[in-house]
Amino acid sequence: MSNSSDFSSLPRPPAAGRPIDPFIVMDVMSDANQREAAGEDIIHMEVGQPATPAPRAARERAARAIAEEKLGYTLSLGLPALRERIATHIQDSYGVRVGTERIVVTAGSSAGFVLAFLAILDHGDSFGLPSPGYPCYRQILKALGFRPHLIDTDDGGRWMPTTEDVDALAAAGAAGLLLASPNNPTGTMAIGTRLPELADACSRQGLWLISDEIYHGLEYAAAAETVLAYSDAAIVVNSFSKYFSMTGWRVGWLVVPEALTRTIERLAQNLYIAPPTISQVAALGAFDGIDELEEIRSRYARNRSLLLNELPAAGLERILPADGAFYLYADIRGLADDSVVFAQTMLRDIGVAATPGIDFDPLHGRSYLRFSYAGAEDEMHEAARRIATWLKTR
Ligand SMILES: Cc1ncc(COP(=O)(O)O)c(C=O)c1O
């Protein structure tokens, strides 16, 4: 049998010019799952995934639809009722009114990025990505023939880009900036006047601004602001995966300038026809499950406080108290040279799975480890206990 990198049976090798790195989170999860299947007691802090299912209202709506509806294709831009409901959600959350014609339902935010990049970029264009950041931004850009332009950020600036970075991007000929606040893996946010300043700088420099707002709703210090409050030219990417606890349903949305809607519609028609109908129906139901979702959010808040107390006491002292999402990004310098080895050893020795920073930051990631605290409270406590004992005896 041929192994997975033996290309001799293929007509010709896959394109060498498209080297896509693995999404290491998924590789760590696969390793952790194998250990779990073999009977090990694993605490999953590697994946940014709620431990809860979709809210009951979403599941009930989906069950009814399976029993009673045809569930054929929807329009490529999504179910009109869902697009309306998302517009209402934006109005309720931020007091910003956007027309339904600007809203596009997508197959998760992941498809939203593909659509947005294809709609606004030309072959070979580069796009600014703050680093550390969500790894798939880089890989999606590369897979589509565009170029990631990494912007080095640091914890002193809450891992956020600055207006000087925007000027540097423009000088380097980049087409735009992608901002995530709260950010993955750091959980930090653009606070104070940073968001309007970045929006202004992008508009002054004629750059696109894409705002990944997937972690909105999961803030613990101050509420996140939408870039829609400051720019009509920005593109917002969002999803039902995180706050709405619906990762596997693969449904999200874009808010785009109206002039882009038709281009994006044509792309969606050809790339995947329409987002999954059952997931769109469930997403409509999810808006009736806000009380349940707020309880989940309170659990994340408790997990965050618990870990911010217990991890430093356990020996992981250098953690910025992140403002949102469900991540802590720990600086492990002084404990180990390489977070990849550290993560593998920690998983092997004490069954705590976390993700090495190299996934999120090719420059400095070997000094960092990302912990997701989307799991159960008792697991967070147990993870901190295991890490404390382990670090003492290593
Ligand atoms: C910052 C960020 N954006 C986008 C995504 C992709 O989410 P989805 O495609 O499930 O909407 C993730 C997933 O972890 C993420 O962390």
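Starting from segment 33-109, pick out the GluC sites (Glu not before Pro) whose DSSP state is loop and whose Cβ has at most 16 other Cβ atoms within 10 Å.
Those satisfying the criteria are E40, E69.
Tell me the Kirkwood radius of segment 91-131: reciprocal of the mean inverse pair distance over distinct alpha-carbon atoms, in Å. Please report the intermediate quantities before stating the final value.
Values: mean 1/r = 0.0783 Å⁻¹.
Result for segment 91-131, one decimal place: 12.8 Å.
Values of log10 I(q)/I(0) for segment 343-394 across q = 0.16, 0.23 Å⁻¹ run -0.51, -0.92, by the Debye formula with one identical scatterer at each alpha carbon and no solvent. For segment 232-314, applying the loop criterion from DSSP together with a ceiling of 15 other beta carbons within 10 Å to the chymotrypsin sites (Phe, Trp or Tyr not before Pro) yields Y272.
Looking at segment 56-289, the DSSP beta bridges with both ends there are about 35 percent antiparallel.
Using the Cβ-Cβ distance between E258 and A67 with R0 set to 30 Å, the FRET efficiency from 1/(1 + (r/R0)^6) comes to roughly 0.20. Residue-wise HN-Hα couplings along segment 236-248, as the Karplus relation 6.51 cos²θ - 1.76 cosθ + 1.60 with θ = phi - 60° gives them from phi, are 9, 10, 8, 7, 8, 5, 9, 4, 7, 6, 10, 3, x Hz; Gly and Pro carry x. For segment 220-254, the residues whose amide N sits under 14 Å from a probe point set 7 Å from the Cα of T52 along the beta carbon direction are 241-247.
Provide, for q = 0.07, 0.14 Å⁻¹, the log10 of I(q)/I(0) from a solvent-free Debye sum over equal Cα point scatterers in segment 56-289. Normalising to I(0) and taking log10 leaves -0.21, -0.86.
Taking 10 °C and 1.306 mPa s as conditions, the chain diffuses translationally at an estimated 73 µm²/s according to Stokes-Einstein applied to its Kirkwood radius (Cα pairs). Scanning residues 5 or more positions from Y327 or on other chains, those with amide H under 5 Å from its amide H are Y373, with H placed 1.01 Å from N in the peptide plane. Run the accessible area of segment 56-289 with a 1.4 Å probe and give the carbon-and-sulfur part as a rounded percent. Here carbon and sulfur together make up 49 percent of the probe-accessible area.
Suppose every Lys and Arg Cβ carries +1 and every Asp and Glu Cβ carries -1, with no other charges. What dipole size does segment 130-191 come out with about its Cα centre, to the nearest 20 debye? Show your work: numbers first, answer last.
Details: 4 positive and 6 negative charges, 73 e Å.
It works out to roughly 360 debye.
Here the simple spin-label model places points 7 Å from the Cα toward Cβ, and for A171 and S110 these points are separated by 3.8 nm. L271 sits with roughly 100 Å² accessible to a 1.4 Å probe, with DNA, RNA and ligands left out of the calculation. 3J(HN,Hα) couplings calculated from phi for segment 31-43 with the Karplus curve 6.51 cos²θ - 1.76 cosθ + 1.60 (θ = phi - 60°) are, in sequence order, 4, 4, 5, 4, 5, 4, 4, 7, x, 6, 8, 9, 9 Hz; Gly and Pro show x. Across segment 303-310, computed HN-Hα scalar couplings (Karplus, 6.51 cos²θ - 1.76 cosθ + 1.60, θ = phi - 60°) run 4, 4, 4, 4, 5, 5, 7, 8 Hz from first to last residue, x flagging Gly and Pro.
One chain, two ends: E40 and L391. Fully extended at 0.36 nm per residue, the span grows by 124.4 nm beyond their Cα-Cα distance. Annotation for segment 1-100: chymotrypsin sites (Phe, Trp or Tyr not before Pro) lying in DSSP loop with at most 13 further Cβ atoms inside 10 Å of their Cβ are F7, Y73.
Under 5 Å from the amide H of S181 lie the amide H atoms of D212, each residue being 5 or more positions distant or on a separate chain, with H modelled from the backbone and absent for Pro and chain starts. Between E294 and T345, the modelled label-to-label distance comes to 4.6 nm, taking each label 7 Å out from Cα in the direction of the beta carbon.
The values are calculated or read from the model by the stated rules, or taken from the named source; none is laboratory data. As the structure is a computational prediction, the values presented were derived from the model and not from experiment. Please note: Cβ atoms are built from the backbone with ideal geometry, for glycine as well, and neighbour counts cover all protein chains shown. Ligands, DNA and RNA are stripped out before the accessible areas are found, and what is left, the full protein with its side chains, is counted by its heavy atoms. Shrake-Rupley method; radii C 1.70, N 1.55, O 1.52, S 1.80 Å.
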